[in-house]
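Engineer: Once you've had a glance at the structure underneath, I'll fire off some questions.
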Amino acid sequence: MSAKYRHGIQTVLTVLACAVLAACGSVKGMGSGLSESKINPVNWITPYKIEVVQGNFVSKEQVELLKPGMPRTQVREVLGTPLLASVFHADRWDYVFTLKRQGVAPQALNLTVFFKGDVLDRFEGDDMPSEADFVAKLDSRRKLGKVPVLELTQDQLKVTEKKTPDSATASPAPPPAANYPPLESAAR
C-alpha cells in the first residue's frame, strides 16, 4: 500500500469521525428522546459535587446581640471579621455567606452593618436562621428509623461479669526491656 493511498484513507476516516461526532450532538435535538429518557443508564450516574461553603455564617442569635451604639470592636467580637470591608466605604461591613450543595438550591445570606464614626448605627439584611435550624439543614445523613435501646438486661450483665478476669488474679505485665540497642553504629 502506497503512502499516498494510506494518507487518503486516514483523511477520509478523520472526516467521517468528525461528521459522526457532530451528528451525535444534534441527535438530542431531533426528538428521539433516548438521551433524555430515564431508562438510559447514562442518566443514572451523576458526578459527586463537593459542598462549597464561603463567607461568614451569622446566626439569628448573633444578630439579636447587636445594639445601636456598640463600638466596632464589640461588633467584631459578636459577628466575627467581615467578609467585605471596603476602603471606599469605611463605615460599612458586609457579612456574606453562601452554601452550594448537590441537589439543593444554593443558599445566600447577607448582613450589612453600618457605622457612624466608631459606633454601630444600624444593620440590615436577610432573616438569619438560628444555629439549630442551620445545623438541621446541613445534616444530610440518611435517616435510619428508630435507634435501638443500648442497654443490657440484668441477665446479660451477669454473663459479662463472669467473663471479665478478676484484677487480683490477673498476672501483671512483664516490665519493658531496659536494654536498648544503640541508634547508630560505633564505627563512625
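Quick note: the coordinates plus some simple rules give every number you see, no bench work behind them. Since the model is a prediction, treat every value here as computed from it, not as a measurement. In this analysis, Cβ positions are derived from the backbone assuming ideal geometry, glycine residues included, and neighbour counts consider all displayed protein chains.
Engineer: Beyond 20 Å between alpha-carbons counts as too far, so tell me which of LYS49/LYS146; LYS60/LYS137; LYS60/LYS146 fall in that bin.
Structural biologist: Among LYS49/LYS146; LYS60/LYS137; LYS60/LYS146, the Cα-Cα distance tops 20 Å for LYS49/LYS146; LYS60/LYS146.
Engineer: Just from the alpha-carbon atoms, what are the Rg and Dmax of region 40-89 in angstroms?
Structural biologist: 19.5, 62
Engineer: If you don't mind, another one. Average the reciprocal distances over every distinct pair of alpha-carbons in region 71-118, invert the result, and give the Kirkwood radius in Å.
Structural biologist: Hydrodynamic radius (Kirkwood, Cα only) of region 71-118 equals 12.1 Å.
Engineer: Just to check I understand the Karplus step: with θ = phi - 60° and J = 6.51 cos²θ - 1.76 cosθ + 1.60, what whole-Hz values come out for region 95-103, glycine and proline as x?
Structural biologist: Here the 3J(HN,Hα) series is 10, 10, 9, 10, 9, 10, 10, 5, x Hz.
Engineer: Same structure again: For every other residue with a beta carbon closer than 13 angstrom to the beta carbon of ASP155, add +1 if it is Lys or Arg and -1 if Asp or Glu, then tell me the sum.
Structural biologist: 0
Engineer: Still on this model: Sort 97-110, 2-15 by packing, meaning the average of other beta carbons within 10 Å per residue, with the highest value first.
Structural biologist: Answer by packing, highest mean first, reads 97-110, 2-15.
Engineer: Put a dot 7 Å past each Cα toward the Cβ at SER185 and LEU84; how far apart are the dots in nm?
Structural biologist: Rounded to a tenth, the inter-label distance reads 6.7 nm.
Engineer: Using the Karplus curve 6.51 cos²θ - 1.76 cosθ + 1.60 with θ = phi - 60°, work out ³J(HN,Hα) for each residue of region 106-113 in order, rounded to whole Hz, and write x for Gly and Pro.
Structural biologist: x, 9, 9, 10, 10, 9, 10, 10
Engineer: Could you state, as a whole-number percent, how many of the C-alpha pairs of region 52-138 are farther apart than 18 Å?
Structural biologist: 43 percent
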